Amino acid sequence: RIRKKDAHMDLHYLEYIIEIAKCQSISRAAEVLCITQSTLSQYLSKLESEIGVKLFDRQRNGMVLTPAGTMYVEASKKMLQEKQELYNQIADISKGQTGTFSVGVTPHWGSMVIAEIIGKFKAAYPGVTVKIKEDTAEPLMRSLQDGSIDMAIMPIVDNSSVLEGSLLLQIEPLVMALPESWVCDKPKEEIGSEFPHLAVEAFKDKPWVLSRGDTTIRKLENQCFEKIGIKPNVVSSLNSHMGAILMAKNGVGGTFVPLSCAIKTEGVRFFMPVPEIHWHVVISFKRDYHLHKSEKYFVTLVQEHFSEKEKKNDVRNEITLG
């Protein structure tokens, strides 16, 4: 039975239990929540004492939800989602001038898209807070599925992995960035033209700098090598396109980058790989999510950004990476 003093529940504290379940650790959850470990531990102990049941089993490899804990976390997520929906509906009544929504972005799109559109968005909706979560595509997909973020801008391998209701923003090719010494006898691209095509197989014995194993681009790189029956000699893995290009410049190895990152760089040549590789850039939404005024405007800005970017893709960037 709920006691009178418990009738008012601060929904903010529900996030504590959700974060412990996600991290499977009080210490890691406390770091994420920016509170002390003792405060979080005391809150959990008090909560378990009040409801009369354990929410977590303390095991050697971490804290695992009990059946009761699983029910509590699922109910907490629903309550927080309903709270956010209510706030958004109230914001709509006030012409969308206040409110909060969360957007997941990969490191690449976080710097390129959000930086381009956030100023225009804040000029139209100064009272609306946009919470940004930066991660790779796979964790962002899980965050959408569990409702911890509202939408995400991310690259996916192909349309088969897209969430229902997603909007396709762009199909972008990946290009090879190779040390110039590898290809000094190959034809160069001309300004305003596409990059020359070149077989990946021609460099089967060369070293490669590829993306991290949990990224969309690494999945596509692996697919490319599998198609031609090659096991690449991977000398480095990193999640920075500019860093990979600089490694190619210094002769560390060849790499793949999105076309939008193919900036003219001394000592590096870019080619369209054979077989060709493309990724699909989408904006996806959590299940049953209702877009409000400010969010619709945000999505429109994202679509306009990619539409404008698509028009510029045929023009080679003249910036030199020194």
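Cβ-Cβ below 9 Å, separation at least six or inter-chain, first residue in region 118-130 and touching a residue at least 60 places away in the same chain (Cβ under 8 Å) and farther than 11 Å from Leu301 by Cα, second among the β-branched types (Val, Ile, Thr) and open to solvent by 70 Å² or more (accessible area, probe 1.4 Å): which pairs?
So the pair list comes out as Tyr125/Thr98; Val128/Thr98.
Is it true that Phe270 is outside any helix (DSSP H, G or I), open to solvent by less than 10 Å² (accessible area, probe 1.4 Å) and aromatic (Phe, Trp, Tyr)?
yes
For region 55-69, name all the residues that are outside any strand (DSSP E or B), of a type outside the set (Ser, Thr, Tyr) and closer than 14 Å to Lys22 by Cα.
Hits for region 55-69 are Leu55, Asn61, Gly69.
Among the residues of region 177-200, is there at least one that is in a helix (DSSP H, G or I), acidic (Asp, Glu) and either more than 21 Å from the chain's Cα centre (by Cα) or closer than 28 Å to Ile149 by Cβ (or both)?
Scanning region 177-200 turns up at least one residue that is in a helix (DSSP H, G or I), acidic (Asp, Glu) and either more than 21 Å from the chain's Cα centre (by Cα) or closer than 28 Å to Ile149 by Cβ (or both).
Among Glu194, Glu226, Glu221, which is more than 19 Å from Val268 (Cβ to Cβ), out of contact with any Ser or Thr (no Cβ under 6 Å at 6 or more places or on another chain) and of a type in the set (Asp, Glu)?
That would be Glu226, the only listed residue that is more than 19 Å from Val268 (Cβ to Cβ), out of contact with any Ser or Thr (no Cβ under 6 Å at 6 or more places or on another chain) and of a type in the set (Asp, Glu).
Kindly establish whether Met9 is out of contact with any strand residue (DSSP E or B) (no Cβ under 7 Å at 6 or more places or on another chain), assigned to a helix (DSSP H, G or I) and modelled with pLDDT under 90.
For Met9, the condition - out of contact with any strand residue (DSSP E or B) (no Cβ under 7 Å at 6 or more places or on another chain), assigned to a helix (DSSP H, G or I) and modelled with pLDDT under 90 - is not met.
The values are calculated or read from the model by the stated rules, or taken from the named source; none is laboratory data. Everything numeric here is computed off the predicted structure, so don't read it as measured data. Here the Cβ is made from the backbone with ideal geometry for all residues, glycine too, and neighbour counts use every protein chain on show. Side chains included, ligands, DNA and RNA excluded: accessible areas come from the protein's heavy atoms. Shrake-Rupley method; radii C 1.70, N 1.55, O 1.52, S 1.80 Å.
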